[in-house]
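Below is one structure; the comments refer to it alone.
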Amino acid sequence: MNGVHDMGGMDGFGKVEVEANEPPFHERWEGRVLAMQRALGYAGAWHIDDSRFAQEALPPQVYLAASYYWRWALGMQKNLIERGFVTADEIAAGHALRPAKPLPRKLTADVVPASMTRSSFFRQQQGPARFKPGDRVRTANIHPQTHTRLPRYARDKLGTVERIHGCHAYPDSVATDRGDDPQWLYTVVFDGREIWGADADPTLKISIDAFEPYLEPA
Amino acid sequence: MADHDHDPHHEHGSELSETQLRVRALETILTEKGYVDPAALDAIVEAYETKVGPRNGAAVVARAWTDSAFKQALLKDATAAVATLGHVSPVGDHLVAVENTSGRHNMIVCTLCSCYPWEVLGLPPVWYKSAPYRSRAVKDPRGVLADFGVSLPKETEIRVWDSTAETRFLVLPMRPAGTEGWSEERLADLVTRDSMIGTGLARTPAELAR
């Protein structure tokens, strides 16, 4: 969706402010939110793309005003309610009021160390890769209302395939509950001027990792 | 949590504790429903506070600086290469290491959310997840570098990698001059988090001595 989360190239947000000696968490609740998100992901409540989409779908003014982990909390609550794991009256009561919806598994402390390694997004290929390194491609001009990982600034642009990363779960499909729909994934590199016009820094090259449906031969 | 307009960072005193109470209530509900185990949540928080951090990435970089066969393997398949190191925990699939050279400087961003190589760098800093960085890194990377006090030769190619998929990127910074013969352990002290994101350079021996 064309949400405010898609920030590449926006102006006006100001300088990057660096905090010296930043702690992992500024408040205790931030760690709890992160841990709950991880535990629910492990349990199979939803996929990481569903978490992303829930945050993207927050009203823009809420998205921009919320701190990072608060945004996670809001997205998590949205998914919990929409997917039937928790009801609004339970949130209001602060306690469980009805039976749980079963989940495939539960994260326990003994498996936390093993769960710290990211799971793989490689999936069985459905056919040969359409592109190879060096191929010129044009990115799609798409504006779905749903989740996509093709940023606005990189749509309808000419680029060059640089790497193939194998066949991956396709976020645009996963986040609409249509399954993994595995797709080849490529690093596509663009000249800065193709993206930002003649005034762009001539030394700038930008790459995205693009799923095959985002690309057409050019 | 029902009031979506609250920003905890703009709250004060009792309102801040209200955020904590809301998160605690959510944890209570999820625990009572059997979805989460508080002991597992404790273990996750502890792991991110004490075990995972940029020391892991620095150890990978220091090895690459001292072992050219490892460096080649790292650039070819970083996940597989890290798995050969005994002193760094294995990482999941899709880690990609990109090398800075005198002609090219790499910088990592996630314009769409906050994708970051947690396993080798720990949790991302607030600035990495912030709108100023996410918006400007792809359009004005030299301006962003200036915010970090970094200035590169004007002919150096700047390559910005937008982490739009589940690939995760680690910058292999250039090895500082004057470090010939240094041990991996000593070299790792030169490798800052920011140098592995591309918003900084590795420290020089003189900077380390300060």
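The values are calculated or read from the model by the stated rules, or taken from the named source; none is laboratory data. Treat the numbers as computed from the prediction; the structure is a model and nothing was measured. Because the Cβ atoms are built from the backbone with ideal geometry, glycine has one as well, and the counts that use them run over all protein chains shown.
Worth pointing out:
- The condition of being within 7 Å of chain B (Cβ to nearest Cβ), within 21 Å of the chain's Cα centre (by Cα) and surrounded by fewer than 20 Cβ atoms within 10 Å (Cβ to Cβ) does not hold for A:Ser115.
- Residue count, the stretch B:190-210 (criterion: surrounded by 21 or more Cβ atoms within 10 Å (Cβ to Cβ) and hydroxyl-bearing (Ser, Thr, Tyr)): 2
- Some residue of the stretch B:105-128 being charged (D, E, K, R) and more than 20 Å from B:Asp77 (Cβ to Cβ): no
- Residues of the stretch B:153-192 that turn out to be part of a loop (DSSP other than H, G, I, E, B), under 21 Å from B:Thr204 (Cβ atoms) and among the basic types (Lys, Arg), as a count: 1
- Scanning the stretch B:86-141 for residues that are at the interface with another protein chain (Cβ under 7 Å from one of its Cβ atoms), part of a loop (DSSP other than H, G, I, E, B), closer than 23 Å to B:Lys51 by Cβ and of a type in the set (A, V, I, L, M) gives B:Val91, B:Leu123.
- Residue match in the stretch B:66-78 (condition: surrounded by 20 or more Cβ atoms within 10 Å (Cβ to Cβ), out of contact with any helix residue (DSSP H, G or I) (no Cβ under 6 Å at 6 or more places or on another chain) and either at pLDDT 95 or above or away from chain A (no Cβ under 11 Å) (or both)): yes
- Some residue of the stretch A:80-99 being at positive phi and facing another protein chain (nearest Cβ under 10 Å): yes
- Residue in the stretch A:57-71 that is on the phi > 0 side of the Ramachandran plot, part of a loop (DSSP other than H, G, I, E, B) and in contact (Cβ under 8 Å) with a residue 24 or more places away in the chain present: no
- Residue in the stretch A:134-148 that is surrounded by 15 or more Cβ atoms within 10 Å (Cβ to Cβ) and facing chain B (nearest Cβ under 8 Å) present: no
Every residue, every condition in (1) in a helix (DSSP H, G or I); (2) within 12 Å of another protein chain (Cβ to nearest Cβ); (3) out of contact with any Cys (no Cβ under 6 Å at 6 or more places or on another chain); (4) modelled with pLDDT of 95 or more, yes or no:
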{"residue": "B:Arg24", "(1), (2), (3), (4)": "yes, yes, yes, yes"}
{"residue": "B:Tyr35", "(1), (2), (3), (4)": "no, yes, yes, yes"}
{"residue": "B:Ala39", "(1), (2), (3), (4)": "yes, yes, yes, yes"}
{"residue": "B:Glu46", "(1), (2), (3), (4)": "yes, yes, yes, yes"}
{"residue": "B:Val52", "(1), (2), (3), (4)": "no, yes, yes, no"}
{"residue": "B:Val60", "(1), (2), (3), (4)": "yes, no, yes, yes"}
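- Verdict on A:Tyr170 being more than 8 Å from chain B (Cβ to nearest Cβ), under 28 Å from A:Ile48 (Cα atoms) and modelled with pLDDT of 95 or more: yes
- Boolean, A:Ala100 is of a type in the set (Gly, Ala, Ser), surrounded by fewer than 19 Cβ atoms within 10 Å (Cβ to Cβ), over 30 Å from B:Lys129 (Cα atoms) and outside the structural domain of A:Arg152 (by TED's automatic domain parsing): yes
- Scanning the stretch A:43-56 for residues that are part of a loop (DSSP other than H, G, I, E, B), touching a helix residue (DSSP H, G or I) at 6+ places or on another chain (Cβ under 6 Å) and in contact (Cβ under 8 Å) with a residue 60 or more places away in the chain returns a single hit, A:His47.
- The stretch A:13-42 residues that are at the interface with chain B (Cβ under 7 Å from one of its Cβ atoms), paired with ones that are acidic (Asp, Glu) (beta carbon under 7 Å, 6 or more apart): A:Lys15/B:Asp147; A:Val16/B:Asp147; A:Pro24/B:Glu49; A:Arg32/B:Glu27; A:Met36/B:Glu27
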